[in-house]
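K.L.:
Take this structure, written in structure tokens, and hold onto it; I'll ask about it next.
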Amino acid sequence: MRIFLAGATGVIGRRLVPLLVQDGHIVAGTTRSPEKVKAIAQWGAEPIVVDVFDRPTLVEAVRAAAPQVVIHQLTDLPDDVGSLAASLPRNARIRVEGTRNLVDAAVSAGVTRFVAQSIAFVYALGPGPRREEDPLAPPKSEWASTINGVLALEQAVTGTTGLIGLVLRYGQLYGPGTWTEVPPDRMPLHVDAAADAARLAVTRGAAGIYNVAEADGALLINKAQRELGFDPSFRLTTS
């Protein structure tokens, strides 16, 4: 299967590319940085240098790749967690404008299956573990751009006619390339298990939203386990 992976050199993307190639897929992986082209090629994918905000070039790139599936793993987050607050508006722009451009490019290229990453730690407070149908936190305070970005991304992916859109609401990442090697106290998710969930979603699961994390009591993850075959204990055999 031909796959267009937007964000191939991100924290999840770099773990996901080898998994997709191992499954026999033909992967076109994007980066904004020409310096990262060599790494994508070494992982076994076709490198594509493109900015998700450059809509005409993005549409052309997706059409040229002729994928059956598009995977959205784009973020704009800092290497240093201390700089997170300053990055939130940029990351929200990717979720809003970038997602819309990528969805439209996919539809233009005749793609019918689209997998995108979202986040699970923005649910509104409530009793019991959060399930996919529960409301998100109200868009206010310092999290306004994040909540609005998540809402825009999820609506674009799941609400576009003719597109089988799967949204993976990831827990808080840990592991290689993330901000910590130690599982967070709430909604932990190893980066390898996050990548594997996206791999599984290429061929499994109906359109909709899936909680993807370890079962720590904060989230219900049975939908992802049942429909995707998600295993939170999955780890790559190499670092």
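K.L.:
Which count do you get for residues in the stretch 181-212 that are on the phi > 0 side of the Ramachandran plot and either in a loop (DSSP other than H, G, I, E, B) or without any contact (Cβ under 8 Å) to a residue 24 or more places away in the chain (or both)?
P.N.:
2
K.L.:
Moving to a separate point now. Looking at this structure, is ALA28 under 19 Å from the mean Cα position of the chain (by Cα) and assigned to a loop (DSSP other than H, G, I, E, B)?
P.N.:
When the stated conditions are applied, ALA28 does not pass them.
K.L.:
Please pick out the residue among THR160, THR178, THR237 that is surrounded by fewer than 18 Cβ atoms within 10 Å (Cβ to Cβ), in contact (Cβ under 8 Å) with a residue 24 or more places away in the chain, of a type in the set (Val, Ile, Thr) and assigned to a loop (DSSP other than H, G, I, E, B).
P.N.:
Going through THR160, THR178, THR237 in turn, the sole match is THR160.
K.L.:
Which condition breaks for PRO47 when tested against (1) buried (at least 23 other Cβ atoms within 10 Å of the Cβ); (2) assigned to a strand (DSSP E or B)?
P.N.:
(1) is the only condition that PRO47 fails.
K.L.:
Additional query: Please verify whether the stretch 137-147 includes one or more residues that are within 17 Å of the chain's Cα centre (by Cα) and of a type in the set (A, V, I, L, M).
P.N.:
The initial filter retains those residues of the stretch 137-147 that are within 17 Å of the chain's Cα centre (by Cα), namely 146-147.
Right, trim to of a type in the set (A, V, I, L, M) and you get 147.
Looking through the stretch 137-147, at least one residue is within 17 Å of the chain's Cα centre (by Cα) and of a type in the set (A, V, I, L, M).
K.L.:
So which residues in the stretch 93-130 are of a type in the set (Phe, Trp, Tyr) and assigned to a strand (DSSP E or B)?
P.N.:
Taking the stretch 93-130 and keeping what is of a type in the set (Phe, Trp, Tyr), we get 114, 121, 123.
Once the filter is applied, which keeps residues that are of a type in the set (Phe, Trp, Tyr) and assigned to a strand (DSSP E or B), the stretch 93-130 yields PHE114, TYR123.
K.L.:
OK, next. Test of understanding: among ALA41, ALA61, which residue is surrounded by fewer than 17 Cβ atoms within 10 Å (Cβ to Cβ) and small (Gly, Ala, Ser)?
P.N.:
ALA41
K.L.:
Here's something else I'd like to know. Pick from LEU200, LEU220, LEU151: which is under 17 Å from the mean Cα position of the chain (by Cα), of a type in the set (A, V, I, L, M), modelled with pLDDT of 95 or more and crowded, with 17+ Cβ neighbours inside 10 Å?
P.N.:
LEU200
K.L.:
Across the stretch 207-230, what is the total count of residues that are of a type in the set (D, E, K, R) and under 25 Å from THR160 (Cα atoms)?
P.N.:
3
K.L.:
Which one of these does ASP134 not meet: (1) surrounded by fewer than 17 Cβ atoms within 10 Å (Cβ to Cβ); (2) outside any loop (DSSP other than H, G, I, E, B); (3) of a type in the set (D, E, K, R); (4) touching a strand residue (DSSP E or B) at 6+ places or on another chain (Cβ under 9 Å)?
P.N.:
Single failed check for ASP134: (2).
Per-residue answers, yes or no, for (1) aliphatic (A, V, I, L, M); (2) touching a strand residue (DSSP E or B) at 6+ places or on another chain (Cβ under 8 Å):
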{"position": "GLY10", "(1), (2)": "no, no"}
{"position": "ILE26", "(1), (2)": "yes, yes"}
{"position": "SER33", "(1), (2)": "no, yes"}
{"position": "GLU46", "(1), (2)": "no, yes"}
{"position": "ASP51", "(1), (2)": "no, no"}
{"position": "THR57", "(1), (2)": "no, no"}
{"position": "ALA61", "(1), (2)": "yes, yes"}
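K.L.:
Take the stretch 137-155 and flag every residue that is out of contact with any strand residue (DSSP E or B) (no Cβ under 8 Å at 6 or more places or on another chain), part of a helix (DSSP H, G or I) and not hydroxyl-bearing (Ser, Thr, Tyr).
P.N.:
GLU142, TRP143, ALA144, ASN148, GLY149, ALA152, GLN155
K.L.:
Another question, if that's okay. How many residues are without any contact (Cβ under 8 Å) to a residue 40 or more places away in the chain and basic (Lys, Arg) when one looks only at the stretch 97-140?
P.N.:
Going through the stretch 97-140 one residue at a time, the tally reaches 1.
The values are calculated or read from the model by the stated rules, or taken from the named source; none is laboratory data. Predicted model, so just to flag it, every value in this text is computed and none were measured. With ideal geometry, Cβ positions are generated from the backbone for all residues, glycine too; neighbour counts draw on all protein chains shown.
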